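The values are calculated or read from the model by the stated rules, or taken from the named source; none is laboratory data. Nothing here was measured: the structure is a model prediction, and the numbers come from that model. Cβ atoms come from the backbone with ideal geometry, glycine included; neighbour counts cover every protein chain shown.
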């Protein structure tokens, strides 16, 4: 064990506050060594579910790629928040299942383009469960929740469909300089998702993550027709801002593609809802119903989209 290289995790693993440090740590997981030890002993904060899902996705993906559940070993017992971060969330248990990981009732769900329909159906069942639960909690406001969950279902379908249509594009001619179709990320076509019902704040989180080409590259390099030359000089943050608008996607002039429009509609309707996006070198989040983007220094492979939705009745929003 003494010869196993050790990767020390940062004290704070947070995609919101420290995205560059988090993305750099994730990139270090993809090492040439057959086995590495990840030391979480100094980690005092893992915020939030989005970071946990990405961490699980990369470790799970590497375990499959190397055909070895034991390609990672973990040291986390000395972390100050070991129980809250690693035990209660089921994160360590998910790591250790590796290649044998089964979705069952875990927070962390692993899917593939091949079983897209199966997981879309499963997501609908999960949403129906949460809708029933919230209607029982707030009797007499069923119509309000019916409208909200209808929009949530549509937005969720769009998030999953974007993985199907844009994360791992195979149609048309790729103008990308990177041979993505030759990478393990592209060949496996995996994606991950999770729901978190945060009862102490009455907030439901839905997170979807893929390791595909990312919004910027899909929008520009895998568009069905070549984009104008100036797009190659635009930052990822600018392209994500454009893709946020209705009808903007890589399907140029084909009559297809709502971009992220249905997610926008959910944010506009729900008084307390937010969206967070991290894709390539772009980080974005809603503020007062408007998307605010920024450019990162260290990229995240693929795309993460997180929707957070308050499950409080509207009259309680200001309390």
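Kindly indicate whether residue 189 is exposed (fewer than 14 other Cβ atoms within 10 Å of the Cβ), farther than 22 Å from residue 262 by Cβ and at pLDDT below 85. So residue 189 fails the test. The set of residues in the range 133-170 being assigned to a loop (DSSP other than H, G, I, E, B) and out of contact with any strand residue (DSSP E or B) (no Cβ under 8 Å at 6 or more places or on another chain) consists of 138, 139, 140, 141, 169, 170.
Restricting attention to the range 10-68 and to residues that are part of a loop (DSSP other than H, G, I, E, B) and under 21 Å from the mean Cα position of the chain (by Cα), the residue that is farthest from residue 287 (Cα to Cα) turns out to be 30.
Rundown of residues vs (1) over 18 Å from residue 306 (Cα atoms); (2) out of contact with any helix residue (DSSP H, G or I) (no Cβ under 9 Å at 6 or more places or on another chain); (3) part of a loop (DSSP other than H, G, I, E, B); (4) modelled with pLDDT of 80 or more, yes/no style:
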site	(1), (2), (3), (4)
206	no, no, no, yes
216	no, no, no, yes
225	yes, yes, yes, no
242	yes, no, no, yes
254	yes, yes, yes, no
276	no, no, no, yes
280	no, no, no, yes
286	no, no, no, yes
291	no, no, no, yes
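Residues of the range 57-81 that are touching a helix residue (DSSP H, G or I) at 6+ places or on another chain (Cβ under 7 Å), at pLDDT 90 or above and farther than 15 Å from residue 39 by Cα: 58, 62. The residues listed here are 102, 96; of these, the one that is at pLDDT below 75 and either not in a helix (DSSP H, G or I) or not assigned by the TED database to the domain that holds residue 199 (or both) is 102.
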